[in-house]
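**Q** Take a look at the following structure, please.
Just so it is clear, none of the values below were taken in a lab; they were calculated from the coordinates. Being a predicted model, the structure only gives us computed values, none of them experimental. Cβ placement follows ideal geometry from the backbone for every residue including glycine, while neighbour counts extend to all protein chains displayed.
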Amino acid sequence: MDILARNRALEEKDHLYLWHPFTQQKDWTARRPVIIEEARGCYLRDIYGRWYLDGVSSLWVNILGHRRREIDDAIRAQLDRVAHSTLLGLANIPSIELGERLVSLSPEGLTRVFYSDNGSTSVEVALKMAYQYWVNRGDRGRTTFLCLNNAYHGDTLGAVSVGGIEIFHETFRPLLFRTYRAPSPYCYRCELGLTPEDCELACLHALDEILKEHAEEVAAVVVEPMVQAAAGMIVFPKGYMRGLYELVKRYGLLLIADEVAVGFGRTGRLFACEHEDVRPDFLCLSKALTGGYLPLAATLTTDEVYSAFLGEIEELKTFFHGHSYTGNPLACAAALATLRTIEREGVLQNVRENSAVLMQWLQEIQALPHVGDARGIGLMAGVELVRDKETKEPYPYGEQMGYQVCYRARQEGLLLRPLGNVVVIMPPLVITREELIRMLDIIHDSIVDVTEKGWRYGYD
Ligand SMILES: *Cc1c(COP(=O)(O)O)cnc(C)c1O
């Protein structure tokens with residue numbers, strides 16, 4: 001079969017058989033899919049031989065580029081030993097080595113590693129552990145959690161219960177458990193109507209008020225440290241994260257830090273908690289953990305939590321939770337190679353140096369007439385497009401302005417995926433300065449084309 005016929009068949013069969021995540025399939029099947037066949041470094045190649053810069057790190061996971069020799073070799077070596085064996089009743093070598101490594105790298109006090117296979121389950125594990133921690137200590141009244149508006153912790157129902165993104169989560173509300181919700185520290189659209197210059201972090205005060213009233217019902221406070229990523233790269237104002245941590249400790253509660261998006265160098269520190277010296281009781285990790293190679297997640301916790309689960313068999317203090325692929329050796333081997341490479345290549349240094357370029361660019365792009373806000377930290381950023389800059393009126397959801405910009409950028413060889421009206425910038429952490437500048441130039445021009453020159457994507 002010739003290559004063109006093969007490609008057309010693949011496109012048809014994608015439309016025929018698959019259902020894509022977070023995707024309106026009526027829209028998807030009206031346009032031809034980009035089908036990726038191969039990759040190298042920060043670039044992906046489609047079935048027609050077109051190369052694209054991977055501007056969102058293959059959905060925030062691929063921090064070291066594709067086809068990394070170190071990770072490829074580590075997986076192959078592990079494959080020659082064993083691909084999978086269970087952690088239920090058995091142990092395996094890579095999961096032990098990775099556990100030790102994660103404990104040594106993570107914020108102080110985190111001493112135990114519980115594996116699962118994606119970000120959502122790492123949060124589910126933390127929620128269930130936090131609840132059962134109190135139950136095992138004889139406190140059965142802590143049946144809820146405190147979370148933030150605009151939070152995103154994954155798509156399983158427990159994670160959705162502590163989520164706060166209306167368009168994703170509202171449909172499922174009748175199925176969810178009850179939570180308390182504090183304002184999101186979203187300064188551009190402050191829920192309290194204040195400005196960062198004069199607010200003195202009033203949103204923390206609101207959180208304090210909830211805890212004053214309800215702390216005894218709360219098992220844990222759940223937060224994405226430093227950045228609410230999926231809500232549109234909402235970067236916390238200075239001092240917010242530290243202030244939240246201090247409140248959690250003052251009320252004697254547990255803190256669940258969901259670093260699924262921000263962990264492993266994305267913000268310029270290995271973990272985002274380090275920015276304001278936060279020591280959570282749970283640390284949820286996934287996405288970049290395996291360098292974007294294989295699904296793996298880890299929930300780290302403290303001696304204090306762990307020891308509450310120790311007891312005689314018949315006391316039933318056991319944590320009755322696990323997954324078929326818990327501690328998968330191939331994925332753990334990939335994670336070990338990822339951590340070694342982050343260290344050996346000075347990836348954090350590269351993030352900090354390139355971050356300076358990105359932050360400067362974010363300043364400049366604010367001058368465009370339809371850029372309401374541009375914000376970021378490390379090598380993660382969002383450019384929020386607005387219909388009216390004066391009133392901050394958003395573009396209607398149906399106009400898909402974020403997507404329009406991404407489709408325009410794709411024509412120039414840059415792959416992006418927006419969050420509503422926010423253009424997301426999440427390049428691999430090893431991106432070179434030249435690649436980053438090219439990426440930012442394309443984004444700038446694409447925003448101008450779509451918001452000022454009326455460029456729109458045409459259907460095939
Ligand atoms: C992506 C993400 C999740 C969910 O991870 P999945 O692997 O998609 O289940 C959870 N929390 C945060 C902060 C995320 O960004």
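**Q** Between residue 80 and residue 202, what is 0.36 nm times their sequence separation minus the Cα-Cα distance? Round to one decimal in nm. Before the final figure, lay out the partial values.
**A** Numbers: separation 122, 0.36 × 122 = 43.92 nm, distance 5.63 nm.
Stretched out fully, the residue 80 to residue 202 stretch lengthens by 38.3 nm.
**Q** Quick check for me: using +1 on Lys/Arg Cβ and -1 on Asp/Glu Cβ, what's the dipole size of the stretch 71-344 about its Cα centre, in debye to the nearest 20? Before the final figure, lay out the partial values.
**A** Numbers: 24 positive and 35 negative charges, 74 e Å.
It comes to approximately 360 debye.
**Q** Another question, then. From largest to smallest, what semi-axes in whole angstrom does the stretch 224-376 give when each is the square root of 5 times an eigenvalue of its alpha carbon gyration tensor?
**A** Numbers: eigenvalues 217, 94, 36 Å².
Semi-axis lengths for the stretch 224-376 are 33, 22, 13 Å.
**Q** Against the globular-protein guess of 2.2 N^0.38 Å, express the Cα radius of gyration of the stretch 71-344 as a ratio, rounded to two decimals.
**A** Working: Rg = 18.6 Å, N = 274, 2.2 N^0.38 = 18.6 Å.
It is 1.00.
**Q** Taking every DSSP beta bridge with both residues inside the chain, roughly what % is antiparallel (nearest 5)?
**A** Values: 33 of 48 bridges.
Here the share of antiparallel DSSP bridges comes out near 70 percent.
**Q** If you don't mind, another one. One-quarter of the Cα convex hull surface for the stretch 1-122, in nm²?
**A** 11.4
**Q** Taking the Cα centroid of the stretch 61-76 and of the stretch 121-183, what is the distance between the two, rounded to the nearest whole Å?
**A** 34
**Q** Can you pick out the pairs among 392/453; 26/128; 249/389; 128/212; 287/453 whose Cα atoms lie more than 32 Å from each other?
**A** Among 392/453; 26/128; 249/389; 128/212; 287/453, the Cα-Cα distance tops 32 Å for 26/128; 249/389; 287/453.
**Q** Calculate the all-directions average of the projected area of the stretch 313-430's alpha-carbon convex hull, and give it in nm². Let's see the in-between values first.
**A** Values: hull surface 52.6 nm².
Averaged projected area of the stretch 313-430's Cα convex hull equals 13.2 nm².
**Q** Nearest 5 is fine: what % of DSSP beta bridges in the stretch 71-344 come out antiparallel, could you say? Present the calculation step by step, with values, prior to reporting the outcome.
**A** Details: 12 of 25 bridges.
Roughly 50 percent of the DSSP beta bridges within the stretch 71-344 come out antiparallel.
**Q** Which of 358, 409, 39 sits closest to the plus end of the dipole of the chain, meaning its Cα is farthest towards the positive end, when Lys and Arg get +1 and Asp and Glu get -1 on the C-beta?
**A** Looking along the dipole axis, the top candidate is 39.
**Q** How large is the dipole of the stretch 347-460 about the Cα centre if only Lys and Arg carry +1 and Asp and Glu carry -1, each at its Cβ, rounded to the nearest 20 debye?
**A** Taking the Cα centre of the stretch 347-460 as origin, the dipole is about 220 debye.
**Q** Let me have the relative contact order for the chain, percent, based on Cα pairs under 8 Å that are six or more residues apart.
**A** Numbers: 857 pairs, mean separation 94.7, N = 460.
Dividing the mean separation by the residue count of the chain yields 21 percent.
**Q** Quick one: P(r) of the stretch 15-72 from all Cα-Cα pairs, 10 Å bins, percents rounded to integers, in order of increasing distance.
**A** Per 10 Å bin, starting at 0, the Cα pair percentages come out as 20, 41, 32, 6, 0.
**Q** Relative contact order for the stretch 71-344 using alpha-carbon pairs under 8 Å, separation at least 6, rounded to a whole percent?
**A** Details: 510 pairs, mean separation 83.8, N = 274.
The normalised contact order for the stretch 71-344 reaches 31 percent.
**Q** Give the residue from 236, 62, 261 lying farthest towards the positive end of the charge dipole for the chain; charges sit on Cβ (+1 for Lys and Arg, -1 for Asp and Glu) and the dipole is referred to the Cα centre.
**A** 62
**Q** Using each residue's phi in the stretch 99-114, evaluate 6.51 cos²θ - 1.76 cosθ + 1.60 at θ = phi - 60° and report the 3J(HN,Hα) Karplus result to the nearest Hz, with x for Gly and Pro.
**A** Residue by residue, the stretch 99-114 yields x, 4, 5, 5, 5, 6, 8, 7, x, 3, x, 8, 10, 10, 10, 10 Hz.
**Q** Show me the ranking of peptides 285-293, 110-118 by mean Cβ neighbours inside 10 Å, starting with the highest.
**A** 285-293, 110-118
**Q** Kirkwood hydrodynamic radius, the chain, all distinct C-alpha pairs: what's the number in Å?
**A** When all Cα pairs of the chain are included, the Kirkwood radius is 23.1 Å.
**Q** Using +1 at the Cβ of each Lys and Arg and -1 at the Cβ of each Asp and Glu in the chain, identify which of 3, 179, 83 lies farthest towards the dipole's positive end.
**A** 3
**Q** Could you tell me how far the Cα centroid of the stretch 1-39 sits from the Cα centroid of the stretch 212-258, in Å?
**A** 41
**Q** Starting with the highest mean, order 337-343, 60-66 by the number of other Cβ atoms within 10 Å, averaged over the residues of each peptide.
**A** Values: 337-343: 19.9, 60-66: 24.6.
Sorting 337-343, 60-66 by mean packing, highest first, produces 60-66, 337-343.
**Q** With +1 assigned to the C-beta of every Lys and Arg and -1 to the C-beta of every Asp and Glu, and no other charges, what is the dipole magnitude of the chain about the Cα centre in debye, to the nearest 20?
**A** The dipole magnitude comes to about 780 debye.
**Q** Shifting gears a bit: Return the equivalent ellipsoid semi-axes of the stretch 120-163 as a descending list in whole Å, where each equals the square root of 5 times an eigenvalue of the C-alpha gyration tensor.
**A** So the equivalent ellipsoid measures 21, 11, 6 Å along its semi-axes.
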